[in-house]
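Please treat every number below as a calculation from the coordinates, not as lab data. Model, not experiment: these values are computed from the prediction. Using ideal geometry, Cβ is built from the backbone for each residue, glycine included, and neighbour counts are taken over all protein chains shown.
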Amino acid sequence: MKALVLKEYKKLVYEEVHQPQPGPDDLLIQVQACAICGSDVHGLDGSTGRRIPPLIMGHEASGLVAGVGTQVRRFSVGQRVTFDSTIYCGHCFYCRQGQINLCTKRRVLGVSCADYRQNGAFAEYVVIPEHIAYPLPDGLSFEAAAMVEPVAIAYHALQRAAVKLNDNAVVFGAGMIGLFVIQLLKIAGCGKIVAIDLDPDKLALAKKLGATHTFTANQGDYLPAIHGLTNGRGADLAFEVVGTGQVLKSAIDALRQGGTAVLVGNLSSSADLPLQQVVTREIRLLGSCASAGEYPTCLDLIQRQAVKVEPLISAVAPLAEGAAWFERLYAGERGLMKVILKPNRVENKREGDQDHGS
Ligand SMILES: [Zn+2]
Ligand SMILES: [Zn+2]
């Protein structure tokens, strides 16, 4: 089969590799769509230590069941599915209480680190355990289904915060996850939903998708404005979806006493904490990692278009052209958000047409 392989840091090659074989509890998936995640782009240069080559990346995907292991009961060949990015064991202390994102044997598709290597879905086929797969609702496209992972990450962040009707919230970072957080805060019945970002284009999109107010991050004076919007108190909730010390500090400053900050971003591995502020103002800091079984709910929200994914899809392209799209994302091309790669063999549709370089 063909796959997009990270051969060495910053070097992606579309090439022939061995097709994986499903074990007894596995599904063989013919990948129909796989989205490029920010973590794949950041992982490209080795800076995160989570994409050690050689590796097939890709964990935001959907496809058709093309084969089933001998023990598989819930799925059959031809079924349309998506799957969790996390492979969890189902038996450990955390899995048994539903915290599958904290599984002690957790592996992430398309990730290789010191502990494991798990090839992902930038390939014609990928093998996944049956228990992480979810059937697609009728009418939901493969491309839209490939967006469910970031929606689920945003959904999990809201679950952590226990959002209440008419809460005022500030979202720091209007990238992919931030824009889904904003849409979900609107659905959850929040009052003021403030988006902060450096990029005016993202802020315009944030406004379209549910933010009531937007501020450019480098224009400094948005904190008094947030206090002005919240009876001088500060926001009930802050979502930190960037992951730097500076933004964390701003998130804490934006909160009222007793407010809650949900920390999703983690660009920096550590950050200074304004300790006295957190203690004396009784700020709650909650980490939020991946998602814990929220996929079916999120698939339903996407299918009903309560959560809109289309405005965030910048391009749908053949997997063969993946390396070039990674380059453009790595360069931080303005206006480029989600890129979805499709590994379908072009020759299946148009015989003799080889002009996609496959
Ligand atoms: Zn992702
Ligand atoms: Zn587990």
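Summing Cβ point charges (Lys, Arg +1; Asp, Glu -1) relative to the Cα centre of region 153-287 gives a dipole of roughly 360 debye. Between the residues Thr260, Leu275, Ala225, the greatest Cα displacement towards the positive end of the dipole of region 153-287, with unit charges on the Cβ of Lys, Arg, Asp and Glu, is found for Thr260.
Spin-label model, Arg284/Arg328: points 7 Å from Cα along the beta carbon direction are separated by 4.2 nm. Among residues other than His59 with Cβ under 12 Å from its Cβ, the summed charge is -1 (Lys and Arg +1, Asp and Glu -1).
Ordering Tyr134, Tyr222 by the number of other Cβ atoms within 10 Å of each residue's own Cβ, fewest first, gives Tyr134, Tyr222.
Would you calculate the separation in nanometres between label points at Ala114 and Thr297, each defined as 7 Å from the Cα along the Cα-to-beta-carbon direction? Calculated label separation equals 3.5 nm. For Tyr94, Tyr125, Tyr116, the sequence from fewest to most other C-beta atoms within 10 Å is Tyr116, Tyr94, Tyr125. The orientation-averaged projected area of the convex hull spanned by the Cα atoms of the chain comes to 18.2 nm². The stretch between Arg74 and Tyr9 holds 19.5 nm of extra length on full extension. This uses 0.36 nm per residue minus the Cα-Cα distance.
My understanding is that a pair violates if its Cα-Cα distance is over 31 Å; which of Lys164/Lys207; Lys11/Lys249; Lys10/Lys208 do that in this structure? Among Lys164/Lys207; Lys11/Lys249; Lys10/Lys208, the Cα-Cα distance tops 31 Å for Lys11/Lys249; Lys10/Lys208. The ranking of Ser268, Ser76 from fewest to most other beta carbons within 10 Å of each one's beta carbon is Ser76, Ser268.
Length gained on full extension, Leu267 to Lys105: 56.0 nm, using 0.36 nm per residue less the C-alpha separation.
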